[in-house]
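One structure is given here, and the rest of the page talks about it.
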Amino acid sequence: MRAPAGLVRLLAARGGGRPPRRCLGAMARYGTEQRGRPNSPDYRLYFKNADGKYISPFHDIPLFAGSKEDKEIPAKRSKTTGTEVLFNMIVEVPRWTNAKMEIATEEPLNPIKQDIKKGKLRYVANIFPHKGYIWNYGALPQTWEDPNHRDNNTGCCGDNDPIDVCEIGSKIRSSGEIVQVKVLGVLALVDEGETDWKIIAIGVDDPEAQKIHDIDDVKKHKPGYLEATVDWFRLYKVPDGKPENQFAFNGEFKDKDFAVEIIKSTHEYWKALLHKKADGGTIKCTNVLVSGSPFCCSEEDARSIVQSAPVPVNGDSVSSDVDSWHFFPK
């Protein structure tokens, strides 16, 4: 007998009988499965596709939205709205939250986990007037900022991660959600001597998406947001005793066409990585769907990776220190 919907929601809220969560909307073909304890070092969020196969969000989710998952990876087709190419975004951190969640690039199947520095879970500081991350923050799958490639624009090598995305829509997304986005522009952050591009994008299902098509539209319809973004990235490590971050192009945002070319280049670096034509160091390239990749594993191997992770349990409490505000002179 099927339990009433209200009971299912109550059990899920309390951590009991927790079903694998599926993302709603256009990307409902992906789901997530929690392992370990939230707000602890062993927490992991693994990904599944519509067939119930465990997959790597880094490698198995297509970069281009609307591509055939199983037969055309890397994608050879893309969905467009008019002349706009749509990309898949993996949400790591919901807006206004502090936990630095990220794709675990050095673990098989690359689940989402919370970053750890000096043995402690990492939370970004609240720098007045901001609370946590000021956008939905995440990454584009099937991209890689090659640490062996020196960028001509920044003069620095890549940061060894998928390319980052700041989704500026009105909705607060969930960690592990897959969102179809259109790209608006890009900011060239130089973070501790590494190139760390920040793509500015908006979900196509967002109510504001129909009027925002490029970086100039962001300036028009969301005045102050881009300036706040520069301030956020400039200062976010200062509370940890580190210097302010720097930017290429004097902190100016480049337009959509420039951003798309950067994305395409990081996609090429990723393809080289997945076919052993680039040195990924400790990056784990385990995947289930990338045709021709020597790192492709079986469904059984993928399942065993997930099942070897700690079982899901209720989360730990978070210290109230996370809510503290930091003030810096302008």
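The values are calculated or read from the model by the stated rules, or taken from the named source; none is laboratory data. Predicted model, so just to flag it, every value in this text is computed and none were measured. Glycine also receives a Cβ, built like all others from the backbone with ideal geometry; neighbour counts cover every protein chain displayed. Accessible surface is based on the protein model in full, side chains and every heavy atom, while ligands, DNA and RNA are left aside. Shrake-Rupley method; radii C 1.70, N 1.55, O 1.52, S 1.80 Å.
This table checks each residue for (1) of a type in the set (Gly, Ala, Ser); (2) over 29 Å from VAL190 (Cβ atoms); (3) modelled with pLDDT of 95 or more; (4) outside any strand (DSSP E or B).
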| residue | (1), (2), (3), (4) |
| --- | --- |
| PHE233 | no, no, yes, yes |
| ALA259 | yes, no, yes, yes |
| ILE263 | no, no, yes, yes |
| GLY281 | yes, no, yes, yes |
| SER291 | yes, yes, no, yes |
| SER304 | yes, yes, yes, yes |
| PRO310 | no, yes, yes, yes |
| ASP316 | no, yes, no, yes |
| LYS330 | no, no, no, yes |
* List the number of the failed condition for ASP206; all other conditions in (1) within 21 Å of ASP255 (Cα to Cα); (2) touching a Pro at 6+ places or on another chain (Cβ under 7 Å); (3) not hydroxyl-bearing (Ser, Thr, Tyr) hold. => (2)
* Unique match (being over 17 Å from PRO329 (Cα atoms) and free of Cβ contacts under 8 Å to residues at least 40 places away in the same chain) among GLU261, GLU244 -> GLU261
* Conditions: (1) open to solvent by 60 Å² or more (accessible area, probe 1.4 Å); (2) among the acidic types (Asp, Glu); (3) in a loop (DSSP other than H, G, I, E, B). GLU227 meets all but one. Number of the miss? -> (3)
* Asked: Can you spot a residue in the range 296-310 that is within 13 Å of GLN142 (Cα to Cα) and surrounded by fewer than 18 Cβ atoms within 10 Å (Cβ to Cβ)?
  -> no
* Asked: Applying the selection to the range 280-317, what residues are within 29 Å of CYS166 (Cβ to Cβ) and of a type in the set (Asp, Glu)?
  -> ASP316
* Restricting the range 79-100 to residues that are assigned to a loop (DSSP other than H, G, I, E, B) and either over 19 Å from ASP214 (Cα atoms) or at pLDDT 95 or above (or both), which is least open to solvent (accessible area, probe 1.4 Å)? -> ASN98
* **Conditions (1) buried (at least 24 other Cβ atoms within 10 Å of the Cβ); (2) assigned to a loop (DSSP other than H, G, I, E, B); number of the one not met by GLY138** => (2)
* Mind checking whether some residue in the range 206-215 is in contact with a helix residue (DSSP H, G or I) (Cβ under 8 Å, 6 or more places away or on another chain), among the basic types (Lys, Arg) and not in a strand (DSSP E or B)? -> yes
* Counted residues, the range 160-181 - those being under 19 Å from PRO147 (Cα atoms) and in contact with a helix residue (DSSP H, G or I) (Cβ under 7 Å, 6 or more places away or on another chain) -> 1
* **Qualifying residues in the range 163-192 (those that are assigned to a loop (DSSP other than H, G, I, E, B) and open to solvent by 10 Å² or more (accessible area, probe 1.4 Å)) - the one modelled with the lowest pLDDT** => GLU192
* Could you list, in sequence order, the residues of the range 143-162 that are small (Gly, Ala, Ser) and surrounded by 20 or more Cβ atoms within 10 Å (Cβ to Cβ)? -> GLY158
* **First in the range 281-298 and under 13 Å from PHE58 (Cβ atoms), second anywhere and open to solvent by less than 30 Å² (accessible area, probe 1.4 Å) and at pLDDT below 95, Cβ under 7 Å, 6 or more apart** => LEU289/ILE73; VAL290/ILE73
* To do: Within the range 263-294, track down each residue that is more than 22 Å from the chain's Cα centre (by Cα) and open to solvent by 40 Å² or more (accessible area, probe 1.4 Å).
  => HIS275, LYS276, LYS277, ASP279, SER291, GLY292, PRO294
* Asked: For the range 96-119, what are the residues that are touching a strand residue (DSSP E or B) at 6+ places or on another chain (Cβ under 8 Å) and either acidic (Asp, Glu) or without any contact (Cβ under 8 Å) to a residue 40 or more places away in the chain (or both)?
  -> LYS100, GLU102, GLU107, ASP115
